[in-house]
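Enquirer: Structure provided below as structure tokens; questions to follow.
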Amino acid sequence: MKSTFIVKDIGMTKSKIIAFFICFFVFGLYLTAQNAWLNTIVWVEKSPQNVEKLKTMCLDVLMDWEDKIWIVASLEDLDTLKAAGILYSYADVGNDPNDDNAADDEGESDRIKENKNENTFDAKSESGNSLHSGQEPASVQTSINGAFHSYREVETEVYALEAAHPDLVQVKIIGRSLEMRNIYALKISDNVQADEGGEAEVLITGCHHAREWISVEVPLYVAKHLVENYATDSHIRDLVDRSQVWIIPLLNPDGLEYTIHFYRYWRKNMRDNGNRTYGVDPNRNYDYKWGIDNEGSSQESFSYVYRGPAPFSEPETQAIKDLFAERNFKVAINYHNYSQVIIYPWGYTNEPSELDVLLEEMAGEMAARMERVNGRVYGYGQAGNQLYVTNGGASDWALGVYGIPAFTIELPPVDQQYGGFYNPEEDIQSIVRENIPAMLYVIEWAIAN
């Protein structure tokens, strides 16, 4: 059966409007200077005709707000919109890429490469080699990312959690990124050093997409909540005793670091594609319906939804593949933002999966538990019934290959007027709090099934 998304109608304060436009145009200008193949942000009217046409296009849709659809557009994207008869307007009229003063692709690509090289991780210079269990990591909290975690801060947190709770937490390095940063997984269980094959296993993953900083915070704080409340909360203790919860707070560390230091809107990893473009979208790189069409992903390397040269070509997705092969997960959660919805397979089509009834029931229960915390309503429904389809995604792969329930939780806000990818730091803990009951439910379900 096909599900209908629930959307909450919320008002907007004057201060948030002002903050939004300041952030939007500042980063819109930076986007143009930083990436020639992206060039600008445009908006199109959200008419039924445009929505139907956009469903067949691989575009980096930023938001759907006030009857407009906002898009990060390359020159090729603009040509596609024109060919489809879709009228668009620039977010900043000064950012017209056809302007005679616009930088050429070659010069801008060199600038991206220079910035990328400056930010390339050096294990020796950055940390004196990677941290190991038992070592005391140094704090490197920066003013750039504030209360949001950088790669090194995530590393600090996971090893500190293991050191404080060695009976409950085990840090595993499940892969390394292109720039040789570790991809960390936290295994949480009562007998964590043992492999208790009969226990239910759950996977929670954050930050496929670099610019989605809040998607790092929720998995990390869920891990801390489970461990730090184990001794005092009988319900949590029962769940941890009967399960193995695997949490990957940061799947795309290279991309995250690039968003912190250079370009906040960056989405992909930092793959050098060898043709003056960079990055593969990890959430289009899984081997289920990979490349089935050019609507749900792109074969063009400049695209923000570039699927890569082959399935699992990227170390980030290969790490997930290898972990699945070793474990027996009952359910998988992938955190993203923004939209404030819970979506489930299929994403590659609007046809329902064989688990559609179960997935809708589980998503509804998660949304209900979330709402009871802060009153914030999460919509829910099938991914393929959204504005656009996707292929090669993590949730489709988990269901299609392993037959397990899998969900993508798009964290708040609902849309750009409430910050989009720029969640206020003061909202982190409220978003974490409302997701904890949902994750406890997921663990409960895995144990029961």
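The values are calculated or read from the model by the stated rules, or taken from the named source; none is laboratory data. Computed from a predicted structure; not experimentally measured. Note that each Cβ is placed from the backbone with ideal geometry, even for glycine, and that neighbours are counted across all protein chains shown.
Enquirer: Residues of segment 342-370 being within 22 Å of the chain's Cα centre (by Cα), surrounded by fewer than 17 Cβ atoms within 10 Å (Cβ to Cβ) and more than 23 Å from A448 (Cα to Cα), which ones?
Expert: Within segment 342-370, just N350 meets the criteria.
Enquirer: Is it true that V432 is in contact (Cβ under 8 Å) with a residue 40 or more places away in the chain, among the hydrophobic types (A, V, I, L, M, F, W, C) and not in a helix (DSSP H, G or I)?
Expert: Numbers: in contact (Cβ under 8 Å) with a residue 40 or more places away in the chain: yes; among the hydrophobic types (A, V, I, L, M, F, W, C): yes; not in a helix (DSSP H, G or I): no.
No: the conditions fail for V432.
Enquirer: Condition first: more than 16 Å from N191 (Cα to Cα) and either in contact (Cβ under 8 Å) with a residue 60 or more places away in the chain or touching a Gly at 6+ places or on another chain (Cβ under 9 Å) (or both). Now tell me which residues in segment 224-233 satisfy that.
Expert: Residues satisfying the conditions are K224, H225.
For every residue, the table says whether it meets (1) in contact with a Phe, Trp or Tyr (Cβ under 8 Å, 6 or more places away or on another chain); (2) in the same structural domain as N435 (by TED's automatic domain parsing); (3) under 23 Å from T40 (Cβ atoms).
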residue	(1), (2), (3)
D241	no, yes, no
D254	yes, yes, no
N294	no, yes, yes
L323	yes, yes, no
I333	yes, yes, no
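Enquirer: Residues that are surrounded by 21 or more Cβ atoms within 10 Å (Cβ to Cβ): list the helices (runs of 4 or more DSSP H) wholly contained in segment 188-265 that include at least 3 such residues.
Expert: Details: elements: 214-228, 234-241, 253-261.
It comes to 214-228, 253-261.
Enquirer: Something else about it: Every residue in segment 377-412 that is among the hydroxyl-bearing types (S, T, Y) and either within 23 Å of P437 (Cα to Cα) or in a helix (DSSP H, G or I) (or both), please.
Expert: In the first step, residues of segment 377-412 are kept if they are among the hydroxyl-bearing types (S, T, Y); the result is 378, 380, 388, 390, 395, 402, 408.
Y378, Y380, S395, Y402, T408, listed by residue number.
Enquirer: Considering every residue within segment 277-286, establish whether at least one is surrounded by fewer than 18 Cβ atoms within 10 Å (Cβ to Cβ), assigned by TED's automatic domain parsing to the domain that holds A200 and either among the aromatic types (F, W, Y) or part of a loop (DSSP other than H, G, I, E, B) (or both). Lay out the reasoning, then the answer.
Expert: Quick first cut of segment 277-286, residues surrounded by fewer than 18 Cβ atoms within 10 Å (Cβ to Cβ) only: none.
No, that holds for no residue.
Enquirer: Between F27, F5, which is part of a helix (DSSP H, G or I), within 23 Å of the chain's Cα centre (by Cα) and either under 23 Å from H261 (Cβ atoms) or modelled with pLDDT under 50 (or both)?
Expert: Numbers: F5 fails: part of a helix (DSSP H, G or I).
Just a single option satisfies the conditions, and that option is F27.
Enquirer: Something else about it: Please go through (1) out of contact with any Lys or Arg (no Cβ under 7 Å at 6 or more places or on another chain); (2) β-branched (V, I, T); (3) within 18 Å of H149 (Cα to Cα); (4) without any contact (Cβ under 8 Å) to a residue 60 or more places away in the chain for I247 and return the number of the only condition it doesn't satisfy.
Expert: I247 satisfies every listed condition except (4).
Enquirer: Ok, one more. So how many residues does segment 220-241 have that are in contact with a helix residue (DSSP H, G or I) (Cβ under 6 Å, 6 or more places away or on another chain) and more than 17 Å from P437 (Cα to Cα)?
Expert: 0
Enquirer: List the number of the failed condition for R181; all other conditions in (1) at pLDDT 95 or above; (2) among the basic types (K, R); (3) out of contact with any helix residue (DSSP H, G or I) (no Cβ under 6 Å at 6 or more places or on another chain) hold.
Expert: (3)
Enquirer: Same structure again: From the list R267, R276, which one is more than 14 Å from L178 (Cβ to Cβ), of a type outside the set (G, A, S) and under 17 Å from the mean Cα position of the chain (by Cα)? So that I can check it myself, show each step before the final result.
Expert: Details: R276 fails: under 17 Å from the mean Cα position of the chain (by Cα).
Sole residue among the options that is more than 14 Å from L178 (Cβ to Cβ), of a type outside the set (G, A, S) and under 17 Å from the mean Cα position of the chain (by Cα): R267.
Residues checked against (1) in contact with a strand residue (DSSP E or B) (Cβ under 9 Å, 6 or more places away or on another chain); (2) free of Cβ contacts under 8 Å to residues at least 12 places away in the same chain; (3) closer than 21 Å to L440 by Cβ; (4) not in a loop (DSSP other than H, G, I, E, B):
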position: W290; (1), (2), (3), (4): no, no, no, no
position: P311; (1), (2), (3), (4): no, no, no, no
position: N334; (1), (2), (3), (4): yes, no, yes, yes
position: S339; (1), (2), (3), (4): yes, no, no, no
position: W346; (1), (2), (3), (4): yes, no, no, no
position: N350; (1), (2), (3), (4): yes, no, no, no
position: S353; (1), (2), (3), (4): yes, no, no, no
position: L359; (1), (2), (3), (4): yes, no, yes, yes
position: A367; (1), (2), (3), (4): yes, no, yes, yes
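Enquirer: Considering only segment 272-279, I want to know if a residue exists there that is touching a residue at least 40 places away in the same chain (Cβ under 8 Å) and at positive phi.
Expert: Yes: one or more hits.
Enquirer: Name the residues in segment 309-341 that are among the hydrophobic types (A, V, I, L, M, F, W, C) and either surrounded by fewer than 16 Cβ atoms within 10 Å (Cβ to Cβ) or at pLDDT 95 or above (or both), would you?
Expert: Of segment 309-341, the ones among the hydrophobic types (A, V, I, L, M, F, W, C) are 310, 312, 319-320, 323-325, 329, 331-333, 341.
A310, F312, A319, I320, L323, F324, A325, F329, V331, A332, I333, listed by residue number.
Enquirer: Let me ask another. Being among the hydroxyl-bearing types (S, T, Y) and surrounded by 24 or more Cβ atoms within 10 Å (Cβ to Cβ) is the filter here, so list the residues in segment 287-303 that pass it. Give the steps one after another, and end with the answer.
Expert: Step one: filter segment 287-303 for residues among the hydroxyl-bearing types (S, T, Y), giving 288, 297-298, 301, 303.
S297, S303 - these are the residues of segment 287-303 that are among the hydroxyl-bearing types (S, T, Y) and surrounded by 24 or more Cβ atoms within 10 Å (Cβ to Cβ).
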